[in-house]
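The values are calculated or read from the model by the stated rules, or taken from the named source; none is laboratory data. Worth saying up front: this structure is predicted, and the values here are computed from it rather than measured. All Cβ positions, glycine included, derive from the backbone under ideal geometry; neighbour counts span all protein chains shown. For the accessible areas, the whole protein counts, side chains as well, though only heavy atoms, and no ligand, DNA or RNA atoms are used. Shrake-Rupley method; radii C 1.70, N 1.55, O 1.52, S 1.80 Å.
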Amino acid sequence: MKVCPYPCPIIARDRNDIAALRQHLLEGHQCLDTWLSLSRLVGDPRQRRDCLERAAVLAPEDQTIREEWLKAVLVVEPENVNAQALLREIETLRLLSDVKTNYFHEQPRARLLGDILVGMQAITPSELQEVLKMQSDGMAIITDRRLGQILLRQKLITPSKLARALIIQQQERSSLRIAPQVLGEYLVEQQLITPEQLEKALIEQIRLDQKGQRLSLGQILIRLRILPPKVIEKAVTDHQRAFWAKLDK
């Protein structure tokens, strides 16, 4: 297989020619430009979804492409809960990146999850680079392409190690005065749960996810009897209000 640069000079004059684009792929090219061009030309929503899915595989770090793919998924599968959650996550993180308040202003970033796992000696630098290379080279098409989930599937880490790394990342963000991006961070910041309780809940959430049982963090906290349902409901509402209040400033 040949990996094309982006934009691809070979198809520069054929971006509106479906036959030429398909031929380029049949010749064995892994071409982001071709898949994106096809996604704009095809009329069938399923074909558009498939084209964007392949583009997302070739550009795993491009959140714009990933967002467009998830939107295309929801056109075909409007009840796809996983796609809805992933899309909300992307949209929320994009909005949060623009949030600047007196308390949460621009600061040095917390370490990336992969760097934390290397620092914990849970994986080696070479293992991290290999997984990152799998992402960039175009691995098999899968729904969940987060680094932690890939490392779990490769059996390079355990759920407990992933949960510990996520807790360390949360604590680093907190120390840098970065606004809580997810419910777990907000619950710890509000002292409704301890980091140890959050870690326990994350381990259980990851363990169940590996079995195909997708539960929200709130459901896990209730299941483990760490917090009652009413406290969870109020925290979710308060977290959302705090988020939108920051956007209005």
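What the table shows:
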{"read-out": "Residues (under 23 Å from residue 76 (Cα atoms), in a loop (DSSP other than H, G, I, E, B) and open to solvent by 70 Å² or more (accessible area, probe 1.4 Å)) located in the range 1-52", "value": "43"}
{"read-out": "Tally, over the range 70-107, of residues that are in contact with a helix residue (DSSP H, G or I) (Cβ under 6 Å, 6 or more places away or on another chain) and at pLDDT below 80", "value": "3"}
{"read-out": "Positions within the range 61-78 being under 19 Å from residue 37 (Cβ atoms) and part of a loop (DSSP other than H, G, I, E, B), in sequence order", "value": "62"}
{"read-out": "Test result for residue 117, at pLDDT 80 or above and surrounded by 13 or more Cβ atoms within 10 Å (Cβ to Cβ)", "value": "yes"}
{"read-out": "Criterion (within 23 Å of residue 209 (Cα to Cα), in contact with a Leu (Cβ under 7 Å, 6 or more places away or on another chain), open to solvent by less than 40 Å² (accessible area, probe 1.4 Å) and in a helix (DSSP H, G or I)) met by exactly one of 56, 83", "value": "83"}
{"read-out": "Tally, over the range 192-214, of residues that are open to solvent by less than 50 Å² (accessible area, probe 1.4 Å) and part of a loop (DSSP other than H, G, I, E, B)", "value": "1"}
